[in-house]
1. In whole Hz, what ³J(HN,Hα) sequence does region 41-50 give by Karplus (6.51, -1.76, 1.60; θ = phi - 60°), x for Gly and Pro?
2. Return the percentage of antiparallel bridges among DSSP beta bridges fully within the chain, rounded to the nearest 5 %.
3. GNM on the chain, C-alpha springs below 10 Å: top fluctuator among Gly19, Gly117, Gly197?
4. Just want to confirm a number: the relative contact order over region 51-208, from Cα pairs under 8 angstrom separated by 6+ residues, in percent.
5. Using a cut-off of 28 Å between alpha-carbon atoms, which lysines can reach Lys144, once sequence neighbours fewer than 8 places away in the same chain are excluded?
6. Using Cα pairs under 8 angstrom and six or more residues apart, how large is the relative contact order of region 3-113, in percent?
7. For region 1-82, what class follows from the C-alpha gyration tensor (a ≥ b ≥ c being the square roots of its eigenvalues): rounded when a/c is under 1.5, otherwise prolate if a/b is larger than b/c, else oblate?
8. For the chain, which span is the longest to avoid every loop-located (per DSSP) member of trypsin sites (Lys or Arg not before Pro) having at most 13 other Cβ atoms inside 10 Å?
Amino acid sequence: MTTHVLVRESILAELTALGVPKEVSTDFPALPGDVSALLIYGSRARGDAIADSDLDVLALVKHSSPSAYSGVVNVSFYTRDQLESGIGTLFGAHLQRDAKIIWDPEGELSEIVNTLGNVDTERLFNRVKTMSQVFGSPQLDLPKYLAGLLREARYLLRSTLYAQAIAANDPCFSVRELAVRHSDPVLAELLASRQSGDSRREEYDECLKRLESMLGRIPENPHGSLEALIVNEWENRGDVLSIAFMALGIVGSGGDYAEIEKILL
């Protein structure tokens, strides 16, 4: 039996021990040879998954590559440098709180996760408010980019709710639990990581309504359109450019776009 097969069997056994159903773990995809450690996070790691919940996996690698999907298993690949950029971010706090290491023979992944640290929530709220200007030219942008803008509206709303819970000293990274806390049952479906059907303007409006209730009025896009924003912000390479690229769905397509941060908030 090869080392590769032994490692896979060890990973599947660890997933079973963590309560991941075999019909989920058997979708686990083949991994590149430079993977050195693995963890799971999200609802499967927390133990509050429902029947159709995804299995979210993070793989530590030497060379960055696009995420891999197999059935309901999602594997994201991070180099050490990319993962260490999560220090002080929501993503880092999420991993530190909820992640379960499933394979880490050298202890490197555990070491990194333990350093990810606290979140500056006030700074995060200000960053989200700045980024939300991508929603500020709906007449021109929504007909072309509704799917991407809805994805980013969900991302920024989810991030703001996570940060709000941290600021209240009651961290929570479960959208179902947040829906209960806020007496807002629509949140669970609105922010679910896996969405079915076409993007709907009503969902976009619901996300923005909730964002505005927490952060104030969405600022206008001073550039007039998402495309003009990208052109005019090109030299700045900051949060606004990153979120605009994500809204257009072109992050990771190669070239200059590959410079956008792996971890944003």
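Please treat every number below as a calculation from the coordinates, not as lab data. Just so you know, these numbers come straight off a predicted model, no measurement behind them. No Cβ is skipped: glycine too gets one built from the backbone with ideal geometry, and neighbour counts run over all protein chains shown.
1. Per residue, the Karplus-derived 3J(HN,Hα) values read 9, x, 5, 5, 6, 6, x, 10, 6, 10 Hz.
2. Antiparallel bridges: around 65 percent, rounded to the nearest 5.
3. The residue that fluctuates most here is Gly197.
4. Numbers: 152 pairs, mean separation 25.8, N = 158.
Once normalised by length, the contact order is 16 percent.
5. The qualifying lysines are Lys129, Lys209, Lys262.
6. 28
7. Numbers: a/c = 1.87, a/b = 1.28, b/c = 1.46.
Oblate.
8. Longest gap between qualifying sites, sites excluded: 63-193.
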